[in-house]
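Just below is one structure, and these are the notes that go with it.
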Amino acid sequence: MQEMFANPAVQGAVAPFIAGLAVAALLERFRLGGLAVVAAFATAVYFIAGFTFAPLTATRKIILLGLAAPAVGFVIDFAFRPTRFGATLLALAGAAAAAWIFWPVLAQKDWARGLLLGGTAALAAAWTVGFSQTRLAGDGVRAGAAGLALGAGSGAAAILGASLTYGLYGIAVAAGSGAFLLLQMITGKRRHAGATFMLTAAVITILFAAAAMILAQLPWYAVLALALVPVAASLPVPAGAPVWLQAVLLSIYGFVVAGIACALAWQAG
């Protein structure tokens, strides 16, 4: 049993998927099925690193933000009416989070390199968080497809960029998003995603992609390509198509863009 749970595939995919599916099924009646993504991520954290936050490294800062994001999303979903102004504030918060996480590392690089990497991280975080909240959070199918493609894309790209740990965290988000999406495909009903789901998925995936860029070998342009995955998930699909078909089409759109990011990472490597 211990050997099984030491397997990276179990830690980053199988166990997170099971946790995400259970949470999505149990909490959907309370409009909290979106917590599937943080359940999956927390499961991966438990097996890979544990819940230790001292010293507060860049990786641990991302984990901390990923675990805190659902609480912020819950407040947004149930206490405030979604607005473009609110999405703009979240985008700015995403950029500020990237600066807080990576500044100690970027400060040690020459100014041109630090500006390129820091600017890419801040821009990608702001765009991914802001666009996702504006265009995807209100649609459970689109949000699930975006989370699935973002997680898989950032995970695969991070592994190609020589960071297995960051890759497993991204894949865990994909597993939780896939569980959330699968439930909708099976039941044929759209589920509530909101900021509880979308903010969490966006924050974790894009910040770990940025970490793979700054702390490993993922090229900066691959991170920018990953930031376009939510745009792919916002593309039109046949309005009268069943939920499962819309989910498949939107996931394919997202995987195409994520695949481009991975191809760029592979070529650079």
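The values are calculated or read from the model by the stated rules, or taken from the named source; none is laboratory data. Just so you know, these numbers come straight off a predicted model, no measurement behind them. Every residue, glycine as well, gets a Cβ built from its backbone with ideal geometry; the counts of neighbours run over all protein chains shown.
Within segment 210-246, how many residues are surrounded by fewer than 24 Cβ atoms within 10 Å (Cβ to Cβ) and part of a helix (DSSP H, G or I)? Show your work before the answer.
Taking segment 210-246 as the starting set, the residues that turn out to be surrounded by fewer than 24 Cβ atoms within 10 Å (Cβ to Cβ) are 214-217, 219-221, 224-225, 228, 231-232, 234-246.
From what is left, the residues that are part of a helix (DSSP H, G or I) are 214-215, 220-221, 224-225, 231-232, 243-246.
Counting residues in segment 210-246 that are surrounded by fewer than 24 Cβ atoms within 10 Å (Cβ to Cβ) and part of a helix (DSSP H, G or I) gives 12.
Condition check ((1) surrounded by 15 or more Cβ atoms within 10 Å (Cβ to Cβ); (2) among the polar types (S, T, N, Q)) across all residues:
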position: V45; (1), (2): yes, no
position: T52; (1), (2): no, yes
position: A58; (1), (2): yes, no
position: P104; (1), (2): no, no
position: Q108; (1), (2): no, yes
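Can you list residue pairs whose Cβ atoms sit under 6 Å apart, with the first residue in segment 1-24 being crowded, with 16+ Cβ neighbours inside 10 Å and the second being in a helix (DSSP H, G or I) and basic (K, R)? Count only pairs 6 or more apart in sequence or on different chains.
Qualifying pairs under 6 Å: none.
Quickly run through segment 110-120 and pick out the residues that are buried (at least 16 other Cβ atoms within 10 Å of the Cβ) and among the hydrophobic types (A, V, I, L, M, F, W, C).
If the condition is that a residue be buried (at least 16 other Cβ atoms within 10 Å of the Cβ) and among the hydrophobic types (A, V, I, L, M, F, W, C), then L117 is the only one that fits.
Give me the residue from segment 25-36 that is of a type in the set (G, A, S) and under 14 Å from A201 (Cα atoms) and, out of that set, surrounded by the most Cβ atoms within 10 Å (Cβ to Cβ).
It comes out as A36.
It is to be established whether one or more residues within segment 92-102 are part of a helix (DSSP H, G or I) and farther than 25 Å from I214 by Cα.
Initial filter on segment 92-102 (part of a helix (DSSP H, G or I)): 92-102.
Retained after the next criterion (residues that are farther than 25 Å from I214 by Cα): none.
Checking segment 92-102: not a single residue is part of a helix (DSSP H, G or I) and farther than 25 Å from I214 by Cα.
Quick one: count up the residues across segment 47-60 that are of a type in the set (A, V, I, L, M) and without any contact (Cβ under 8 Å) to a residue 60 or more places away in the chain.
Residues that pass the stated criteria total 2.
Would you mind telling me which numbered condition in (1) over 17 Å from the mean Cα position of the chain (by Cα); (2) at pLDDT 95 or above; (3) within 27 Å of L21 (Cβ to Cβ) L116 fails?
If we test L116 against (1) over 17 Å from the mean Cα position of the chain (by Cα); (2) at pLDDT 95 or above; (3) within 27 Å of L21 (Cβ to Cβ), just (3) comes out false.
Here's the yes/no breakdown for (1) farther than 29 Å from P8 by Cα; (2) among the charged types (D, E, K, R):
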{"site": "D110", "(1), (2)": "yes, yes"}
{"site": "A125", "(1), (2)": "no, no"}
{"site": "V129", "(1), (2)": "no, no"}
{"site": "A137", "(1), (2)": "yes, no"}
{"site": "V141", "(1), (2)": "no, no"}
{"site": "L148", "(1), (2)": "no, no"}
{"site": "I159", "(1), (2)": "no, no"}
{"site": "A174", "(1), (2)": "no, no"}
{"site": "H192", "(1), (2)": "yes, no"}
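When you look at R142, is it within 22 Å of Y253 (Cβ to Cβ) and surrounded by fewer than 24 Cβ atoms within 10 Å (Cβ to Cβ), yes or no?
no
Name the pairs whose Cβ atoms lie under 8 Å apart, with the first residue in segment 26-46 and closer than 12 Å to Q11 by Cβ, the second in a helix (DSSP H, G or I) and modelled with pLDDT under 95, and 6 or more positions between them or separate chains?
Taking only residues 6 or more apart or on different chains, the pairs are A44/Q11; A44/G12.
For segment 121-137, give me each residue that is among the hydroxyl-bearing types (S, T, Y) and either assigned to a loop (DSSP other than H, G, I, E, B) or surrounded by 24 or more Cβ atoms within 10 Å (Cβ to Cβ) (or both).
T128, S132
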